[in-house]
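Read through the structure below, which is laid out as structure tokens, and then see the notes.
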Amino acid sequence: MSKKSVLHYYNDGDLLIFADNTSFRVHKSILKLAAPKLLQKQEQENDLSSINVPDVSASIMDIALSIIYPRYFVMPTWANVDALLSLASIYTINKVYVAGVTFLDLNFKKNPMYTFYLADKYKLSFLFEETSKLVLDRFPKYKEETAFKRLPLEVQSELIARHMNYIHSFANLSVNHFISTYQHKCSNVALHNKELNQEFEFRALSLVDQPNKSPSTVWSMMHAPVNVTDGISCNNQFMSEHLPKMLKDIFGNFKCLDVDKDEENPKHYIYISRKKS
Ligand SMILES: [Zn+2]
């Protein structure tokens, strides 16, 4: 004998769902709109009034129905978002899928490694790239998390390779790399060049000294404003066009988080993108 769901057992319901020894009495008309694949399952099983969903826990079915029904406001949590996305993917339940992805979009900064794992599992390309920025920024810490170990080996390898490439790039840092190919637009090239040289020699040396700095720290240090005596527009051009190119030559592409893009000085990160499958 299964027990009845407290939240979703409607007396006028015309369809029973059994999950995890619990019965849910719901409306075919609502399920037809919200989860047509679940209804197809019922039709295939040739039983007019009930569906068995044995691989889903009662609490997950409760939350999924709460998201579907216009009665409660329910947001997924870290504890159930994986199971909800799994249910939503198997039965194409759009409202539950959107609730899961929205939760991750709003909260990924609090749990980047786990969100990255889910982004890979459910093929969420945007979140994959966004969370890879935070994961790679503190990779030695995040690679110890269970979520990293649960990633497919090829995705683990991609993160490790990107991190190793970053670490090895410090060997290519030199003041010459940043300054020597710059085409000045100012009237006192010798002075400006000397000022840039001093500043970037100092910055390059302090990075080579401590190559365990995070990608976002390296980006911020290199992009800190430089004070020059003259040639402000030439200097601005160096900082906004030449410097990012030279930094990219060494470390690869940097991007800020999409949610931070309207901030005045957003942090910039290295990242990986999801391979299309
Ligand atoms: Zn100049």
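The values are calculated or read from the model by the stated rules, or taken from the named source; none is laboratory data. Remember, predicted model here, so these are calculated numbers, not experimental data. Virtual Cβ from ideal backbone geometry, glycine too; neighbours counted across all protein chains shown.
A compact table of results
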| quantity | calculated |
| --- | --- |
| Residue match in the stretch 222-242 (condition: under 27 Å from Lys185 (Cα atoms) and in contact (Cβ under 8 Å) with a residue 60 or more places away in the chain) | yes |
| Residue within the stretch 87-94 that is in the same structural domain as Leu33 (by TED's automatic domain parsing) and either basic (Lys, Arg) or touching a Phe, Trp or Tyr at 6+ places or on another chain (Cβ under 7 Å) (or both) present | yes |
| Residues being touching a Leu at 6+ places or on another chain (Cβ under 9 Å) and over 16 Å from Ser174 (Cα atoms) - total across the stretch 234-254 | 3 |
| Candidate set from the stretch 231-261 (those that are under 23 Å from the mean Cα position of the chain (by Cα) and aliphatic (A, V, I, L, M)); member that is farthest from the ligand (Cβ to nearest atom) | Val259 |
| One residue from Asp230, Asp262 being at pLDDT 95 or above, of a type in the set (Asp, Glu), surrounded by fewer than 13 Cβ atoms within 10 Å (Cβ to Cβ) and in a loop (DSSP other than H, G, I, E, B) | Asp262 |
| Count of residues meeting criterion [within 15 Å of the chain's Cα centre (by Cα) and surrounded by fewer than 12 Cβ atoms within 10 Å (Cβ to Cβ)] in the stretch 265-277 | 1 |
| Complete set of residues in the stretch 208-227 that are surrounded by fewer than 16 Cβ atoms within 10 Å (Cβ to Cβ) and within 17 Å of Tyr166 (Cβ to Cβ) | Val208, Asp209, Gln210, Pro211, Asn212, Lys213, Thr217, Ser220, Met221 |
| Residue within the stretch 159-174 that is in contact with a Cys (Cβ under 7 Å, 6 or more places away or on another chain) and buried (at least 16 other Cβ atoms within 10 Å of the Cβ) present | no |
| Residues of the stretch 51-107 satisfying the condition of being basic (Lys, Arg) and under 26 Å from the mean Cα position of the chain (by Cα) | Lys95 |
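One line per residue, one yes/no per condition, for (1) more than 16 Å from the ligand (Cβ to nearest atom); (2) in contact with a Pro (Cβ under 8 Å, 6 or more places away or on another chain); (3) modelled with pLDDT under 95; (4) under 26 Å from Phe238 (Cβ atoms):
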{"position": "Val135", "(1), (2), (3), (4)": "yes, yes, no, no"}
{"position": "Glu145", "(1), (2), (3), (4)": "yes, no, no, no"}
{"position": "Glu154", "(1), (2), (3), (4)": "yes, no, no, no"}
{"position": "Ser174", "(1), (2), (3), (4)": "yes, no, yes, yes"}
{"position": "His177", "(1), (2), (3), (4)": "yes, no, yes, yes"}
